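The values are calculated or read from the model by the stated rules, or taken from the named source; none is laboratory data. In this text, all values refer to a predicted model and were calculated from it rather than measured experimentally. Quick reminder, even Gly has a Cβ in these numbers, built from the backbone with ideal geometry, and neighbours come from all protein chains shown. The protein model used for the area step is the full one, side chains on, heavy atoms only, and it has no ligands, DNA or RNA in it. Shrake-Rupley method; radii C 1.70, N 1.55, O 1.52, S 1.80 Å.
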Amino acid sequence: MKLASLKHGRDGKLVVVSNDLAWCADAGHIAPTLQAALDDWDRVSIDLQLLATDLEHEVIPRLRFHEHEAASPLPRAYQWADGSAYVNHVALVRQARGAEMPETFWHDPLMYQGGSDGFLGPRDPIPLGDESWGCDLEAEVVVVTGDVPMGASREDALAAVRLVGLTNDVSLRNLIPGELAKGFGFFQSKPASAFSPVFVTPDTLGDWWQDGKLHRKLMVDLNGQPFGRAEAGEDMTFDFGTLIAHAAKTRALGAGTIVGSGTVSNRDADGGPGKPIAQGGVGYSCIAEVRTIETIAGGKPVTPFLKKGDTVRIWAEDDRHHPIFGVIEQTVGG
């Protein structure tokens, strides 16, 4: 089952979307918003699935689904917690700035709590007040949970995953060092994120969803050129069950909590840093990583951060090369 929110008020209008993303059906008679559906998932999901089946069989009224009309599936959420599951990415970034990587990073996930009172739609521009802030894309996988009790095990946490999707978790890289130096984490350096047009139930993903990981390539284009083709299921040190259990160690998580994987990152086949696509590698899911590798190799970064007018495109494909979650496509604006 695929779910989306058409732009309508603050919390959108819930629709079910056909598997090919061509059509949708109004789900307002079942739940007005996705958050309302998540609040009563055990009962509501059955009716939503029946509606989705009727949509596939073309036995109910349907509308064309236009991704430009979609908000984030959750236009705002009670909680957005982003992890760093691909420790290879963290190790590279720290190496570039000469920072030691504690051994605990391989056993205890990093996580920060991001702003969730308003997300960007999948085709909304990326607001950027000043190019000197170092605007970067971050292509990630996300899950949405039901209620998760405090102290949940990895297995129970994984069972609480209701939906899977993608995000562009925008970062302002040049603001990060100053904020971290204060010892109190991100704030100004983490503006609003954008999410894929649809979120998908794990059962719909079939074998692509195994052991709390999405086993598909995360496709990233920058200004129309291939930038990243990393395998989301590889080099993922912490699966989503582990990430969710980590977040729930000292507090319960409410239905509708979004948990991110952090930037998807693959090692090269020889075990070293990843290579650009043009050099036979799988590329990168953020600009910071390629700048890191340039610094390690040549002493300074070469690739610039995003400028106004740049376009970012993020998606994942099925076996027929069709987008599974729709496409995040954003232009850096004012």
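Residues are listed down the side, and each one gets a yes or a no for (1) in a helix (DSSP H, G or I); (2) under 22 Å from Gly256 (Cα atoms); (3) out of contact with any strand residue (DSSP E or B) (no Cβ under 9 Å at 6 or more places or on another chain); (4) among the small types (Gly, Ala, Ser):
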| residue | (1), (2), (3), (4) |
| --- | --- |
| Ser45 | yes, yes, no, yes |
| Leu55 | yes, no, no, no |
| Leu92 | yes, no, yes, no |
| Met101 | no, no, yes, no |
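Is there any pair with a first residue in region 191-217 that is closer than 21 Å to Val16 by Cβ and a second that is polar (S, T, N, Q) and not in a helix (DSSP H, G or I) whose Cβ atoms are under 7 Å apart and which are 6 or more apart or on different chains, and what are they?
Every condition considered, the pairs that remain are Phe195/Ser72; Phe195/Thr167.
List the strands (runs of 3 or more DSSP E) inside region 206-264, counting only whole elements, that have at least 1 residues being over 12 Å from Pro109 (Cβ atoms) and more than 14 Å from the chain's Cα centre (by Cα).
It comes to 217-222, 225-231.
Give region 206-221 a look and list any residue that's under 26 Å from Asp124 (Cα atoms) and either surrounded by fewer than 20 Cβ atoms within 10 Å (Cβ to Cβ) or of a type in the set (S, T, N, Q) (or both), or say none.
Let us first name the residues in region 206-221 that are under 26 Å from Asp124 (Cα atoms), namely 214, 216-221.
Of everything in region 206-221, those that are under 26 Å from Asp124 (Cα atoms) and either surrounded by fewer than 20 Cβ atoms within 10 Å (Cβ to Cβ) or of a type in the set (S, T, N, Q) (or both) turn out to be Lys217, Asp221.
Need pairs with beta-carbon distance below 8 Å; first residue hydroxyl-bearing (Ser, Thr, Tyr) and within region 302-315, second open to solvent by less than 30 Å² (accessible area, probe 1.4 Å) and not in a strand (DSSP E or B); sequence gap 6+ or separate chains.
As it stands, the answer is Thr303/Ile287; Thr303/Val290, since those pairs meet every condition given.
What number of residues within region 277-311 satisfy the criterion of being touching a strand residue (DSSP E or B) at 6+ places or on another chain (Cβ under 6 Å) and polar (S, T, N, Q)?
Matching residues across region 277-311 total 2.
Give me a count of the residues in region 273-321 that are open to solvent by 20 Å² or more (accessible area, probe 1.4 Å) and part of a loop (DSSP other than H, G, I, E, B).
20
Please tell me if Val332 is open to solvent by 60 Å² or more (accessible area, probe 1.4 Å), β-branched (Val, Ile, Thr), under 30 Å from Asp130 (Cβ atoms) and at pLDDT 90 or above.
Working: open to solvent by 60 Å² or more (accessible area, probe 1.4 Å): no; β-branched (Val, Ile, Thr): yes; under 30 Å from Asp130 (Cβ atoms): yes; at pLDDT 90 or above: yes.
No, not satisfied.
Considering only residues that are of a type in the set (D, E, K, R) and open to solvent by less than 60 Å² (accessible area, probe 1.4 Å), look in region 112-129 and name the one that is farthest from Pro191 (Cα to Cα).
The selected residue is Arg123.
Take region 265-293 and flag every residue that is under 30 Å from Tyr78 (Cβ atoms) and either small (Gly, Ala, Ser) or over 18 Å from the mean Cα position of the chain (by Cα) (or both).
The answer is Ser265, Ser285, Ala288.
For (1) touching an Asp or Glu at 6+ places or on another chain (Cβ under 8 Å); (2) at pLDDT below 95; (3) buried (at least 24 other Cβ atoms within 10 Å of the Cβ), each residue gets a yes or a no:
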| position | (1), (2), (3) |
| --- | --- |
| Glu140 | yes, no, yes |
| Gly146 | no, no, no |
| Pro149 | yes, no, no |
| Asp156 | no, no, no |
| Arg162 | no, no, no |
| Ile176 | no, yes, no |
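Could you list, in sequence order, the residues of region 237-261 that are crowded, with 22+ Cβ neighbours inside 10 Å and touching a Phe, Trp or Tyr at 6+ places or on another chain (Cβ under 6 Å)?
Within region 237-261, Gly256, Ile258 meet the criteria.
Is there a residue being under 17 Å from the mean Cα position of the chain (by Cα), within 23 Å of Asp310 (Cβ to Cβ), part of a strand (DSSP E or B) and in contact (Cβ under 8 Å) with a residue 60 or more places away in the chain anywhere in region 144-159?
Checking region 144-159: not a single residue is under 17 Å from the mean Cα position of the chain (by Cα), within 23 Å of Asp310 (Cβ to Cβ), part of a strand (DSSP E or B) and in contact (Cβ under 8 Å) with a residue 60 or more places away in the chain.
Kindly provide the set of residues from region 1-36 that are part of a loop (DSSP other than H, G, I, E, B), more than 20 Å from His57 (Cα to Cα) and not basic (Lys, Arg), ordered by number.
Within region 1-36, His8, Gly9, Asp11, Gly12, Ala31, Pro32, Thr33 qualify.
If you take the residues of region 180-205 that are crowded, with 16+ Cβ neighbours inside 10 Å and out of contact with any Lys or Arg (no Cβ under 9 Å at 6 or more places or on another chain), which of them is farthest from Lys13 (Cα to Cα)?
Within region 180-205, the subset crowded, with 16+ Cβ neighbours inside 10 Å is 186, 189-202, 204-205.
Still in the running and out of contact with any Lys or Arg (no Cβ under 9 Å at 6 or more places or on another chain): 186, 190-193, 195-196.
Values: Phe186: 31, Lys190: 27, Pro191: 24, Ala192: 20, Ser193: 20, Phe195: 16, Ser196: 16 Å.
Ranking the candidates gives Phe186 first.
State whether one or more residues within region 58-81 are open to solvent by 20 Å² or more (accessible area, probe 1.4 Å), in contact (Cβ under 8 Å) with a residue 60 or more places away in the chain, of a type in the set (Asp, Glu) and part of a loop (DSSP other than H, G, I, E, B).
no
Looking only at region 82-90, decide whether some residue is in contact with a helix residue (DSSP H, G or I) (Cβ under 7 Å, 6 or more places away or on another chain), under 28 Å from Gln330 (Cα atoms), open to solvent by 10 Å² or more (accessible area, probe 1.4 Å) and part of a helix (DSSP H, G or I).
yes
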